[in-house]
1. What does chain A give for Rg and for Dmax, in Å, if only its C-alpha atoms count?
2. Can you list the aspartates and glutamates whose alpha carbon is less than 17 Å from that of B:Lys62, not counting same-chain residues fewer than 8 positions off?
3. Let me confirm one metric for peptide B:45-56, namely the mean number of other chain beta-carbon atoms within 10 Å of its residues' beta-carbons.
4. Quick check: net charge around B:Asn24, other residues with Cβ under 14 Å of its Cβ, Lys/Arg +1 and Asp/Glu -1?
5. Fully extended, how many nm does the chain gain between A:Asp30 and A:Glu12 (0.36 nm per residue separation, minus their Cα-Cα distance)?
6. At what distance in nm do the modelled label points of B:Glu61 and B:Glu9 sit from each other, each positioned 7 Å from its Cα along Cα→Cβ?
Amino acid sequence: MDERQIPSVGDEAPEFSLADSTGVARRLDDLVAGGMCVVVFYRGHW
Amino acid sequence: MADYSAHLEDFRAAGAQLVAISVNDAARAEPVRQELGIKFPLLCDTSRAVVKKYGLLNSGEKGGIAFPASFVIDRDRVVRFRALEQVASRVTVDQLLELVRELGRGAEPKTKPRNSGVFPGLMFLRATMNAMRHGVRSPNK
């Protein structure tokens, strides 16, 4: 992990668009439009 | 994930959406979502593009998975908080919720320039987390 690459407080978060597990596309710009978005990265591969 | 799901309405009431991202595909993520009754989106970054963009690719494991990390991102897409498990700044759901509530109370994104605000709740959280992080390093050890 290169910590310098990880967005810090005050940085602009990189935009993304990803499908969720039901196939719906989710864009960060849409997610934050209502105020805030909490984005949690998890390890996956249960 | 179940912890987050239990607090989903609290996050929404505080003005925050909640999403989780992993490299799992839908075939793997969807059954887990249903089993745990998770009502927020589990995003599938199978190409690892977003995990890489955020500097969180753990390429040492299983073809590349995400290092656990949490971000609070405001409507200008500015990072207001981040927690990286790898550097011992774990954050609990309750701490995140309190932070989001504070940001929600204090945030005036339309009029405030970026990075201008110093939020009491954030300062408290930082102090608490610093104490948690550094407090364990007793000089006696």
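All of the numbers you see were taken from the coordinates with simple rules; none came from a lab. Since the structure is predicted, the reported quantities are computational estimates derived from the model, not experimental observations. All Cβ positions, glycine included, derive from the backbone under ideal geometry; neighbour counts span all protein chains shown.
1. Spelled out, the Cα radius of gyration and Dmax of chain A are 12.6, 33 Å.
2. Cα-Cα hits under 17 Å: B:Asp25, B:Asp45.
3. If you average over the peptide's residues, the count of other-chain Cβ atoms is 5.
4. Combined, the nearby Lys, Arg, Asp and Glu give -1.
5. Between A:Asp30 and A:Glu12, full extension yields an extra 5.0 nm.
6. The modelled label-to-label distance comes out at 3.3 nm.
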